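Q: This structure is in structure tokens; I'll ask about it shortly.
Computed from the coordinates by the stated procedures, all read-outs in this text should not be read as laboratory data. Computed from a prediction, not measured in an experiment: that's the story for all the values here. We place every Cβ from the backbone using ideal geometry, glycine too, and count neighbours over all the protein chains shown.
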Amino acid sequence: MSFGLGHGKALDDAPGEVGVSDAELGPLPDSVLTDPESGRIDPRAWFDSPDRAFELEIGSGKGTFLVQQAELQPSTNFLGIEWAGEFYQYAADRIRRRRGSGSHANVRMLHGDATEFLRWRCPDGICRVIHLYFSDPWPKSRHHKKRVVQHRFLADAWRVLEPGGELRVVTDHADLWAWDMAHFETWVDRSDLGEFVDEAPLDAARRIVPAPPESVRRLRDTMHEPPFSIGPFERPESAADGEVVGTNFERKFIDEGRSFHACVLRKLA
Ligand SMILES: C[S@@+](CC[C@H](N)C(=O)[O-])C[C@H]1O[C@@H](n2cnc3c(N)ncnc32)[C@H](O)[C@@H]1O
């Protein structure tokens with residue numbers, strides 16, 4: 001239970017129904033360091049109809065995208081992952097209340113670090129879409145390692161996506177976008193990047209983006225060449241007129257007059 005974002009009202013994440021409980025997730029065994037498969041757990045089993053398509057949102061914030069889109073897409077299971085406790089509670093409570101009116105049985109929330117979940121827990125080839133909207137920009141250099149997009153994350157996203165599965169990205173933040181693109185150029189056909197980013201910011205980002213670590217380079221060598229294609233972002237059905245994706249942060253930033261960057265990486269296999 002939490003009271004902060006609920007403005008005095010108790011927020012209830014309904015563990016085991018909406019919130020993924022500790023018992024459902026289970027402990028991460030020590031053996032993952034030598035045997036990565038030993039930590040995997042299939043999140044599709046957390047849903048009433050595990051055979052449905054599975055999509056995952058990283059950093060759901062207040063859960064606006066999930067609440068809107070899951071209702072329009074009832075034959076898909078959605079897992080929102082949010083590491084900030086108050087936002088996790090807020091989003092899970094919203095979904096719990098919708099369930100009371102008979103909808104949103106296809107949405108669950110996990111409290112934790114989505115990049116760790118992908119790396120250590122998520123099995124291969126299970127996910128149709130990974131949604132990453134208005135990810136925290138972490139502007140200070142010493143915090144860049146906290147940005148979601150890293151070479152390690154892209155290797156994990158590729159592994160977890162089904163063939164043809166998509167990583168959908170939207171941001172308002174020009175430096176984060178250039179950072180993303182300076183990573184993506186290692187993972188897509190470089191000649192396709194031109195329509196998404198100008199050369200000057202890309203060049204600046206190249207100077208600060210670390211090279212892929214050896215472990216990722218080895219994985220990269222086992223993948224399709226290139227691992228992803230890059231293409232334009234298609235608005236989800238839940239986005240309102242004039243919106244790109246229709247999240248809480250987008251609505252705040254539209255009011256501030258900001259512009260947005262968006263793309264889709266599609267897994268080639
Ligand atoms: C700027 S907010 C955007 C929220 C929402 N996507 C939107 O567009 O309204 C970014 C959210 O991602 C969460 N977040 C950042 N990194 C994360 C990670 N590695 N795992 C889970 N959540 C993360 C933050 O706590 C925050 O709630």
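Q: What are the residues whose amide H is under 5 Å from the amide H of Gly165, where those residues sit 5 or more places off or on another chain and H is modelled from the backbone?
A: Excluding prolines and chain starts, which carry no amide H, the hits are Lys267.
Q: Could you state the number of Å between the C-alpha centres of segment 172-200 and segment 29-102?
A: About 29 Å separates the Cα centre of segment 29-102 from the one of segment 172-200.
Q: Decide, for segment 35-267, between rounded, prolate and oblate: order the square roots of the alpha carbon gyration tensor eigenvalues as a ≥ b ≥ c, take rounded if a/c falls under 1.5, and otherwise choose prolate if a/b is larger than b/c, else oblate.
A: On the way: a/c = 1.70, a/b = 1.24, b/c = 1.37.
It is oblate, given that a/c is not under 1.5 and a/b is not larger than b/c.
Q: Which order do Glu195, Glu86 fall in if you start with the one that has the fewest other Cβ atoms within 10 Å?
A: Lowest count first: Glu195, Glu86.
Q: Please turn the phi angles of segment 19-35 into ³J(HN,Hα) values with the Karplus equation 6.51 cos²θ - 1.76 cosθ + 1.60 (θ = phi - 60°), one per residue in order, whole Hz, x for glycine and proline.
A: x, 6, 7, 4, 5, 5, 6, x, x, 7, x, 4, 5, 4, 5, 9, 9
Q: With 10 angstrom as the radius, rank Glu234, Glu214, Glu82 by how many other C-beta atoms surround their C-beta, starting from the fewest. Please report the intermediate quantities before stating the final value.
A: Values: Glu234 13, Glu214 8, Glu82 26.
Ascending number of Cβ neighbours within 10 Å: Glu214, Glu234, Glu82.
Q: Something else now. Lysine pairs in the chain with alpha-carbon atoms under 30 Å apart, 8 or more places apart or on different chains: how many are there?
A: 12
Q: Follow-up question, since we're still on this one. Which ³J(HN,Hα) values in Hz, rounded to whole numbers, follow from the phi angles of segment 109-120 under the Karplus curve 6.51 cos²θ - 1.76 cosθ + 1.60, where θ = phi - 60° and Gly and Pro get x?
A: 10, 10, 8, x, 8, 5, 5, 5, 4, 4, 5, 9
Q: Just rank Thr222, Thr247, Thr76, Thr64, fewest to most, by other beta-carbon atoms within 10 angstrom. Mind dumping the intermediate values first?
A: On the way: Thr222 9, Thr247 27, Thr76 17, Thr64 20.
So the residues, fewest neighbours to most, are Thr222, Thr76, Thr64, Thr247.
Q: Hey, another quick one. Please sort by residue number the trypsin sites (Lys or Arg not before Pro) in segment 159-257 whose DSSP state is loop and whose Cβ has at most 14 other Cβ atoms within 10 Å.
A: Working: sites: Arg159, Arg168, Arg190, Arg206, Arg207, Arg217, Arg218, Arg220, Arg251, Lys252; in loops: Arg207.
Within segment 159-257, the qualifying trypsin sites (Lys or Arg not before Pro) (loop, at most 14 other Cβ atoms within 10 Å) are Arg207.
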